[in-house]
Structures are given as structure tokens and as C-alpha cells.
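Here the structure comes first, spelled out in C-alpha cells, and everything after it is commentary.
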Amino acid sequence: MGALIIPIILQLAGVVVIIAEIVLPSGGILSIIAAGLFGYSLYTVFTEVSTFTGMVFVIADVIMLPVVLIVGIKLLVKSPVTLKTELSKTNGYSSQPEELIAYLEGTGTALTNLRPAGTALINDHRVDVVSRGEYIEKGTEVAVVEVEGNRVVVKKSL
């Protein structure tokens, strides 16, 4: 029993270091330390106790490590280091400028050749646009078919 105290302490220290790795940004240094703690613990058990006890430790690690990772990630969600504010449209955050929606189903003229990106005059405004992959010559009438994020997608008007 005395020979198992050091490996058990090393295993517990490895668990603590893994949880610290989840919460603290270390660039993987803490992961290397945790792997070293687990590895030395297993080495000690296999060499000083028995192969059977070493296999028990390996099986315990295989079961314990995923559980520790899942619990650590759940702790991270509740941790003060995580972002609590949801970046949503209802909270006033939007990745899409509101004025781009006004161009939907609008028509205009290509000011540059669209290969497939370029500029068009839509509703008397210069707008960066992109075609759906086809080449559109300068001066061609275009229609806005989609506004997705910051992209205004146009096609040739019929």
C-alpha cells in the first residue's frame, strides 16, 4: 500500500493540472506536465508494484480522463473567464449592416467588370457586389438576388 501513495498523488496532481489547462491558457505546457505526471505515475506502478495494478491504473485513466475533460469543460462554461454575453441580434449585435438588406431585390448597373466580384450602382449607391460565379461586363444591368452577411450577390437582369 505504501508504494501506491506516490502514484495516486501523481494521478491526482495530473487531474488538477488538466483542469488548470482547461481554464488557463498555457499553450499546451500544462498538458505536457499532466502527461508527464500520468506517465511517471504509471511507470512507478508498473515497476514498483505489479503489472496487474498497472493495468488497473491504465483502465482507471482511460475512464477518468474523458470524465475529467467533460467536467472541466462544464466548469469552464460557468467560470468567470468565459464570455457571458450572447452576441445576438436581439442584444443589438449584427454582423450584417442593416442598410444592405435594403438592396435585396433591387436593380442597378455594374460599374466594373464582375469576375465575379466588383462594384455596382444600386439605388444610386456604389455597392461592392459579387456574382454567382459568372462574368458580368461593365455597364450590364444587374439584379440583387441575395444578401448574406456582408455579401451582396447579383445576377444579370433579364
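Readers should treat all values here as calculations from the given coordinates under stated rules, not as data from a laboratory. In this text, all values refer to a predicted model and were calculated from it rather than measured experimentally. Neighbour counts are summed over all protein chains in view; Cβ atoms, including those assigned to glycine, are modelled from backbone coordinates with ideal geometry.
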> Rounded to the nearest 0.05, what FRET efficiency is calculated for E134 and L87 with R0 set to 41 Å and r the Cβ-Cβ distance?
Replying inline: 0.75
> Relative to a virtual label point 7 Å from the Cα of A60 in the Cα→beta-carbon direction, which members of the stretch 10-32 show backbone nitrogen distances below 11 Å?
Replying inline: 10-12
> Per 5 Å bin from zero, what fraction in whole % of the C-alpha pairs of the stretch 95-156 is there, up to the bin with the longest pair?
Replying inline: 4, 23, 36, 24, 10, 2, 0
> Amide H to amide H, which residues 5 or more places from N113 or on other chains are under 5 Å from it, using H placed in the peptide plane?
Replying inline: K138
> Going from the alpha-carbon gyration tensor of the stretch 59-141, what semi-axes, largest first and in whole Å, does one get by taking the root of 5 times each eigenvalue?
Replying inline: 50, 19, 8
> Nearest 10 degrees, 0 to 90: what angle lies between the long axis of helix 2-23 and the longest principal axis of the chain (Cα atoms)?
Replying inline: 10
>> Give me the percent relative contact order of the chain, please, defined on Cα pairs under 8 angstrom at least 6 residues apart.
In response: 15
> Tally Lys and Arg at +1 and Asp and Glu at -1 over the other residues with C-beta under 14 Å from the C-beta of L104: what net charge comes out?
Replying inline: -3
>> Using a 7 Å offset from the Cα along the Cα-to-Cβ direction at both S79 and K156, what is the distance between the two label points in nm, to one decimal?
In response: 5.6
>> Test of understanding: given the chain, find the longest segment containing no trypsin sites (Lys or Arg not before Pro) that are in a DSSP loop and have at most 16 other Cβ atoms within 10 Å.
In response: 1-83
> For the chain, what percent of Cα pairs sit more than 29 Å apart?
Replying inline: 55
> Roughly what angle does helix 29-48 make with the longest principal axis of the chain, taking Cα atoms, 0 to 90 degrees, to the nearest 10?
Replying inline: 30
>> I need the P(r) histogram for the stretch 2-78: all alpha carbon pairs, bin width 10 Å from 0 out to the longest distance, whole percents.
In response: 20, 49, 24, 7, 0
>> Within a 10 angstrom radius of the beta carbon, how do S88, S31, S41 rank from fewest other beta carbons to most?
In response: S88, S31, S41
